Amino acid sequence: MSAAHASTDIAVIGIGIDLPGARDLAAYWRIISSGSSLTRPFPADRGRRLAEYVRFARATTVEPVTDPEVDYYDGCYLDEVDGFDYAVFGMNPKQAATTDPHQRLALRTMYRALEDAGHTGERARGSRTGVFVGFATNPGSTYLDYVCRIDPALAQLALTGNIPTMMANRLSHVLDLRGPSLVVDTACSASLVAVHQAKNALLVGDCDLAVVGGARIVFAPVKHPHTRIGIEAADGITRTFDESADGAGFGEGAGAVVLKRLAEAEADGDRIHAVIKGSAVNHDGRTEGITNPDSDSQAELLLAAWRDAGVDPRSIGYIEAHGTATSVGDPVEYEGLRRAFARHTADPQFCAVGAVKANIGHLFESSGVVGLIKAALTVKYRTIPPLANFKVANPKIDFAAGPLYVPTSARPWAAAGPRRSGVSAFGLGGTNAHVVLEEYLAPAVPPAAPGPQLFTLSAATPASLSRLVLRYLAFIDQGGLAGVEFADACHTVRVSRAGHRHRLAVIADGVAQLRAGLAESAEGTLTDRGARADAELVTAATSWLAGGPLDPPPGADSRTPRIVDLPGYEYDDTSCWVDFPPDWRAKLSVAPVERHPVTHAVEFRPAPEPAAPTTPVRMLALVGPDGAAHTALTAAAGAHELRVLRLADQAAQAPSAADPDRFTLDAESLDRVAQLVLDHEYTHVVHALCFERGPAEDVAELDRRVRANLYSLFQLAKSLMTHGVKATLVVLSRQALPTEQGEACAVENSAAVGLAKVVTREYPYLGTMVVDIDDAVPATALGGQLVSPQLGVFALRGDRRLREVFAELPELARTDAGRTGVERTDADEPTGTAPPGYLKPGGVYLVTGGTGALGLAVARFFAESRTDLTLVLLSRSGLPPREEWPIVLAAGPDRHPMAARVRAVEELLALGATVEVRRTDTGDPTALAATMAELLARYGRIDGIVHAAGLPGESSLLFREPADFEAVVRPKLHGAFVLDQATRGNRPDFIVHFSSVAAVFPAPGQGDYAAANYYLDALAGANADEHCHVLALDWVAWKEIGMAVDYGTSGDTMFKGLRTTTALSIMDAALRSGRSRVFAGETNYGGELVHLLGSYDVALAPEVEAKVRTAVAAAEGRLRQAAERIKRTVDAVTVELTGRPDGAYSPVERTVARCLAQAFGYPALDLEDDFFDLGGDSIMAASVAGTISACLDVRFDVADLLADRTIAEIAYHIESSGDLLADAGA
Amino acid sequence: MHCLLFPGQGVQRRGMGAGLFEEFGELTAAANAVLGYSVEELCLRDEQRRLRDTRYAQPAVFFVNALLGRKLLAERPGAYDRLAGHSLGEYNALVLAGCLDLLDALVLVRRRAELMAQVTGGGMAAVVGVPGVLVERALRETQLSKVYIANRNADLQTTIAGDSAELLVATKAMATLPGARVVRVNVSGPFHTPLMEPVEAALAELLRGCAFTAGQLPVHSSVTGELFDPADAVDLLSRQVSTPVEWIRTVRGLRAAGVSRFDEVNGRTLLPLTEGIR
């Protein structure tokens, strides 16, 4: 053998195994060598625990299975998979309970392997140790699915416990291992491929030590036709190479090996189980089907592995086959082996073949490493083990003619040179691995110098420590240390068993003294049995027992101490499992989903007579110079006190102190008004400036009205707020609001309504009432209205009293049977079969805000409906020149702000549309008018307009500057006005104004935005031209695109966010319907905000009101139940509280402790335990704070928790300001 | 212009000032002598949890503020053109400005804390998310006689304080305001309200015994928002305990004076407030 080859040898220096009935090598070897088969029924206890979950899963599938019987496949199962010693792995009980049992099993097995290798604790910390795990999530239930079905809120906590990579990463984290840490997924070959990766990582120097592991648990081996994937044995028994083989039975368990470069392992005194000589990995390539195995590829794999190992294949005496025990797979595997051997030798039947799957079932991803361990043990123990469950060979395999034979009983393995074995693993997807192993011929061990030795044991819990002591006593009694250098045993425990918190030490001269010392030892003590007790040893032991590092004096000789076989860690398992609630049926309500319309109407409906005021009314009114409002108010006031301030004429200068009944529109003057309200305790402030007749005829008049009326209301409201006024703010207008289609109105003045609605949302001490009158309203009716305590938007027309009402509009869906209209399904395609009638062949359509997301969506919808349209897109920022498009597109949306819109425009062109993008600011009337004139001159007629331009409002009125207010109002309000004016002479077929939910149910901060949108609604309502369909759409947030998404406010609020297809369908249906206004949005009755609908001064139609009432009650019920559930859960928690010498704890401390115990699962907590040290993070903090708040009925949020952090501090602050914190919101 | 800000009571945390006490060994020893206990032990370990107590919290915050300010100025001489402090922090501003001796101020602060701690049965709460005018209106609406505005901290943060029982009622009312969040403030009394008036005379007496000099750096008063004239020190600092902290006004005053950048010692409490002031 060449020196070059020797340098690539890898030593297997540690092994961990955890199989049914086998938690150490000796037990595993007993199963192998005796040919035992572990197949048995699924453990009854596990079956019982799962049954309700299985029934739940069956009951909640689309086609429920009602059969209450739950049957499980037989297989090779672990007795339990819930037990785990979380303390060893730095987890808290709750975390552990939500962690995938695969991860827990892999961790404990890999840890034991590292112990076996003599590398844990200080010796491992910071080392360049790699962790390689073979794992894949398999079809069927995962533990995360299971946990989240029980409580979706656990998903966050369960995250790191269920992400596959954490199986490797957590071990690296806990032990501070700095080498590569990863999970390999190649299905059934995964852990053997991981061995290959680890070997390569060691050889290229990525790490100096590697642990490779795999774990397999069958979560719920339920018998159900759909859970079989065809490779599992029907009776759970694996009969590899046998004629009756019908697949592998389920197997559970884990295996792990620790690898090191051979030369270093020898130098370090490691105990070497076997040597990996070489390995190979390949793929079947293109086979008939992706899951079909291929003997050619398998033969190539073996040849490659042998080349890598540099061994003569004839010297291989045992092959651990993949051995899936399928009628197809076994002959293919045999054939691959036969062909490969045939390349080197014609000798028959010199190599034994077996498969541990026949003993322990198929462990899927972990089967490779478990097979490797078996192959290592055959050379280590120099024994050829039998193949279990083998009776008659598969007739497709002619063993007699080939190199292989099947051993049916264990026999000693005679060989001339070092014994060699191989192990194969094949992945379902075609990734194959093979590893070649060789017996390690250990040199003779030089004896150690006699003398006292320090023997240490440690454990994470006292229970583990006492069990370890018993285990070592038994180990000694069974001769476990016979033939072992005593110094080596002591060295081994010191480097691999000394890192835990609970410790004991014995100083002894030899095994007998150690036994005696262990028998009388106790935690935290040094039992000194040494005949010549060594002061240095005592010092080292004492400092270590006190929690320090273990730093024993060097041995008396220069001999390298060795790692020897010793018992592994005794885990102190507790049940870490989330139990499925047995009463799930009672909690499960699969109520039919109630459907609600996606469109609503906002309209004026007759209202009953107003109620009389309950308190005296004192009115202060602001009127215009013309006197109409003054007259009306004076007549209406009757016996109520009324003071009227008149707007100073433009010509007149600011009112002097001598002119107290005049005001102007500047802030100082309106501040004086506010002061007047305070000084004289007016109860009503009447803004009665909107008294013009008919719509503005030109932009100048529009501007004048907006400034005089809307902006004055803005300034007045601001002044009233700044002065802390509490009053009713009445906006009295004359025919600003169309109460029926085509009513001639001074529509500009309607904008004040939107603003008025926002005032009261931002500042509840100003209730707002809008009263829109005509000349025929009797003075008494107006008087009654003004002093009525009921707020909202009212229109008085003669004797009639009307109120703004929000109602359902279900019939829109039925207006056009030819199209799906407002179907609410997500997959709904807006394009119908026939192009909509409102789009003319070859028509020219204008979209403002045309390069915004909504504008482009509309343009696309039009272009898809008809391929011959001209689309004019008005845009504030325009498009880059055409020649730059390729560069912009190449840059992509992340690097060029225009890329998305350029692509969208290109798509419009591709759809056949002619597209013109015009750069025009819709908020600039002059520019917009010029553009319109030019477009009309060019195209002759614009056939339809969609006014989608707009900017959002974003500041409360108190902090809003007039210029910013205007900037939001103008693109919508002035823009709409100019579009309307510009097309007076040649009306388009339709004008669609994009209004907003804010016009009806505005949020604080939307004063300007709501005002402008209310105008759009009124403009549509006032349209009297029956040839031009003017339509206002009050959009709720679009879910997928647009302003709400950009500003992060999308999603479901009082209303459900609109999908783009649904929104376009609504627009389409509304355009076909002929309605002038449609509120486009579905009330989110299932949401937590639905109660807000009732908090607006908008009347709800009976059908809406009834649903809101039901929904609010349901939401309250949910909240109450949730709070009760939390309280019940926390009440049921028992936790031992420590930290105060007298043991006296306040009720608040006890409750807080229970809340934390509930969150983390600890059985005991100290008053001073820190939230973060317990395993908390800022994400958990929210739920823990919520729990504390619910249980103690106090206001306590994340910020409080993050500041306080310990039970003592939390309780102190709650107790000291407890009353203060009482939940004022409830 | 740059301004350095000093926070007041409320920023105390176990572990504050770590490393400083060794660096300023002599000063720390002198402070220990003045206080009669180890300020280092109080700030770093505080096993008896005395930082919860106003009597200890104020000297601790003041002393750590002072060391931090001194260190900062030593590292960057001339970096600051103005100084200001929030409530207790105002003493730090005056000390660093050179108007008041550090150890004299420590004596003063200790006495101030003792006096303030004598007024019990009250508390404070911050109302966040709504304009101050709305808080004031809502407070008037409650018709409570013993709850007051205590700090005007930022456009959307106002602190109210007063009698414990009445404060409970007031916070409930505040929580119903649109967008409002009510956050507890961990202090023992109704600071910066007329309920503190009993302290004023004694404090004025102490202040009169102190020498206030002109100083090298201008300080803005948290009572008036205007420049602090050392000649008015007795009046301004004694009034300070029973009148609202006018932080909005202070920041606006500083900005009007040309301050464009603010720094803060001992955490980040005032900077977010300052950013929240138009």
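Can you pull out the strands (runs of 3 or more DSSP E) entirely within the stretch B:112-171 that have at least 1 residues that are at the interface with chain A (Cβ under 9 Å from one of its Cβ atoms) and not acidic (D, E)? Quick ask: steps written out before the conclusion?
Working: elements: B:122-128, B:147-154, B:157-163.
In the stretch B:112-171, the matching strands (runs of 3 or more DSSP E) lie at B:122-128.
Of all the listed residues (B:R252, B:R268), the sole one being without any contact (Cβ under 8 Å) to a residue 40 or more places away in the chain and not in a helix (DSSP H, G or I) is B:R268. Scanning the stretch B:181-206 for residues that are within 9 Å of another protein chain (Cβ to nearest Cβ) and of a type outside the set (V, I, T) gives B:R181, B:R184, B:N186, B:S188. What's the number of the condition A:L936 fails, among (1) surrounded by fewer than 22 Cβ atoms within 10 Å (Cβ to Cβ); (2) not in a helix (DSSP H, G or I)? Answer for A:L936: the failing condition is (2).
To keep it simple, each residue is scored yes or no on (1) more than 14 Å from chain B (Cβ to nearest Cβ); (2) within 30 Å of A:A1020 (Cβ to Cβ); (3) surrounded by 20 or more Cβ atoms within 10 Å (Cβ to Cβ); (4) touching an Asp or Glu at 6+ places or on another chain (Cβ under 9 Å).
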| position | (1), (2), (3), (4) |
| --- | --- |
| A:L670 | yes, no, yes, no |
| A:Y682 | yes, no, yes, yes |
| A:P695 | yes, yes, yes, yes |
| A:E701 | yes, yes, no, yes |
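For the stretch A:850-891, filtering for residues that are among the hydroxyl-bearing types (S, T, Y), surrounded by 18 or more Cβ atoms within 10 Å (Cβ to Cβ) and over 15 Å from A:E916 (Cβ atoms) leaves 1.
Yes/no per residue for (1) assigned by TED's automatic domain parsing to the domain that holds B:G215; (2) hydrophobic (A, V, I, L, M, F, W, C); (3) farther than 22 Å from B:A57 by Cβ:
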site	(1), (2), (3)
B:V107	yes, yes, no
B:Q143	no, no, yes
B:Y148	no, no, no
B:A154	no, yes, yes
B:S164	no, no, no
B:R181	no, no, yes
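When the residues of the stretch A:1179-1201 are filtered to those that are within 12 Å of chain B (Cβ to nearest Cβ) and modelled with pLDDT of 75 or more, which remaining residue is farthest from A:L1119 (Cα to Cα)?
Out of the qualifying residues, it is A:D1200.
Please indicate, with yes or no, whether at least one residue in the stretch A:645-668 is in a helix (DSSP H, G or I) and either modelled with pLDDT of 95 or more or on the phi < 0 side of the Ramachandran plot (or both).
First, pick out the residues of the stretch A:645-668 that are in a helix (DSSP H, G or I): A:667-668.
From what is left, the residues that are either modelled with pLDDT of 95 or more or on the phi < 0 side of the Ramachandran plot (or both) are A:667-668.
Within the stretch A:645-668 (the criterion being in a helix (DSSP H, G or I) and either modelled with pLDDT of 95 or more or on the phi < 0 side of the Ramachandran plot (or both)), the answer is yes, since at least one residue qualifies.
Selection of first residues in the stretch A:751-775 that are more than 21 Å from A:L796 (Cβ to Cβ) and touching a residue at least 12 places away in the same chain (Cβ under 8 Å) and of second residues that are of a type in the set (K, R) and outside any helix (DSSP H, G or I), restricted to Cβ pairs under 8 Å at least 6 apart or on distinct chains, gives the following pairs, ordered by first then second residue: A:Y765/A:K726; A:L766/A:K726. Taken over the stretch B:221-238, the residue count meeting the criterion of being buried (at least 19 other Cβ atoms within 10 Å of the Cβ) and either outside any helix (DSSP H, G or I) or out of contact with any Phe, Trp or Tyr (no Cβ under 6 Å at 6 or more places or on another chain) (or both) is 8. Is it the case that the stretch B:207-214 has a residue that's over 23 Å from B:T54 (Cα atoms), crowded, with 18+ Cβ neighbours inside 10 Å, in contact with a helix residue (DSSP H, G or I) (Cβ under 9 Å, 6 or more places away or on another chain) and away from chain A (no Cβ under 14 Å)? Within the stretch B:207-214, one or more residues are over 23 Å from B:T54 (Cα atoms), crowded, with 18+ Cβ neighbours inside 10 Å, in contact with a helix residue (DSSP H, G or I) (Cβ under 9 Å, 6 or more places away or on another chain) and away from chain A (no Cβ under 14 Å).
Only residues that are assigned to a helix (DSSP H, G or I) and among the aromatic types (F, W, Y): list them for the stretch A:116-173, please. Before the answer, list the steps.
Taking the stretch A:116-173 as the starting set, the residues that turn out to be assigned to a helix (DSSP H, G or I) are A:116-117, A:121-124, A:143-150, A:152-162, A:166-173.
Those that are assigned to a helix (DSSP H, G or I) and among the aromatic types (F, W, Y): A:Y143, A:Y146.
Search the stretch A:1135-1151 for residues being touching a helix residue (DSSP H, G or I) at 6+ places or on another chain (Cβ under 8 Å) and of a type outside the set (F, W, Y), and hand back the single one that is farthest from A:E1215 (Cα to Cα). Spell out how you get there, then give the answer.
Taking the stretch A:1135-1151 first, the residues touching a helix residue (DSSP H, G or I) at 6+ places or on another chain (Cβ under 8 Å) are A:1135, A:1137, A:1139, A:1145-1146, A:1148-1149, A:1151.
With of a type outside the set (F, W, Y) added as a condition, the list becomes A:1135, A:1137, A:1139, A:1146, A:1148-1149, A:1151.
On the way: A:V1135: 20, A:L1137: 18, A:G1139: 18, A:S1146: 9, A:V1148: 7, A:E1149: 9, A:T1151: 12 Å.
Once the filter is applied, the top-ranked residue is A:V1135.
Of all the residues that make up the stretch A:731-740, how many are surrounded by fewer than 24 Cβ atoms within 10 Å (Cβ to Cβ) and at pLDDT 95 or above?
Within the stretch A:731-740, residues that are surrounded by fewer than 24 Cβ atoms within 10 Å (Cβ to Cβ) and at pLDDT 95 or above number 2.
Within the stretch A:1078-1109, the set of residues being within 17 Å of A:A1003 (Cα to Cα) and either assigned to a helix (DSSP H, G or I) or in the same structural domain as A:A998 (by TED's automatic domain parsing) (or both) comprises A:V1090, A:H1091, A:L1092, A:L1093, A:G1094, A:S1095.
Would you point out which residue out of A:P331, A:P293, A:P348 is surrounded by fewer than 17 Cβ atoms within 10 Å (Cβ to Cβ), of a type outside the set (S, T, Y) and in the same structural domain as A:H362 (by TED's automatic domain parsing)?
Numbers: A:P331 fails: surrounded by fewer than 17 Cβ atoms within 10 Å (Cβ to Cβ); A:P293 fails: surrounded by fewer than 17 Cβ atoms within 10 Å (Cβ to Cβ).
On inspection, the qualifying residue turns out to be A:P348.
Can A:G179 be described as more than 19 Å from the chain's Cα centre (by Cα) and on the phi > 0 side of the Ramachandran plot? Step through it out loud before you land on a result.
Values: more than 19 Å from the chain's Cα centre (by Cα): yes; on the phi > 0 side of the Ramachandran plot: no.
No, not satisfied.
Output yes when any residue across the stretch A:1142-1152 is in a helix (DSSP H, G or I), of a type in the set (V, I, T), in contact (Cβ under 8 Å) with a residue 24 or more places away in the chain and touching a Phe, Trp or Tyr at 6+ places or on another chain (Cβ under 9 Å), and no when none is.
We begin by selecting, within the stretch A:1142-1152, every residue in a helix (DSSP H, G or I); these are A:1147-1152.
Restricting the remaining residues to those that are of a type in the set (V, I, T) gives A:1148, A:1151-1152.
Now narrow it down to the ones that are in contact (Cβ under 8 Å) with a residue 24 or more places away in the chain: A:1148, A:1151-1152.
So of that shortlist, the ones also touching a Phe, Trp or Tyr at 6+ places or on another chain (Cβ under 9 Å) come out as A:1148.
Within the stretch A:1142-1152, one or more residues are in a helix (DSSP H, G or I), of a type in the set (V, I, T), in contact (Cβ under 8 Å) with a residue 24 or more places away in the chain and touching a Phe, Trp or Tyr at 6+ places or on another chain (Cβ under 9 Å).
Just so you know, in the stretch A:416-445 the residues that are part of a loop (DSSP other than H, G, I, E, B) and out of contact with any Ser or Thr (no Cβ under 9 Å at 6 or more places or on another chain) include one that is surrounded by the most Cβ atoms within 10 Å (Cβ to Cβ), and it is A:Y440.
The values are calculated or read from the model by the stated rules, or taken from the named source; none is laboratory data. Just so you know, these numbers come straight off a predicted model, no measurement behind them. Here Cβ is always computed from backbone atoms with ideal geometry, including for glycine, and neighbour counts include all displayed protein chains.
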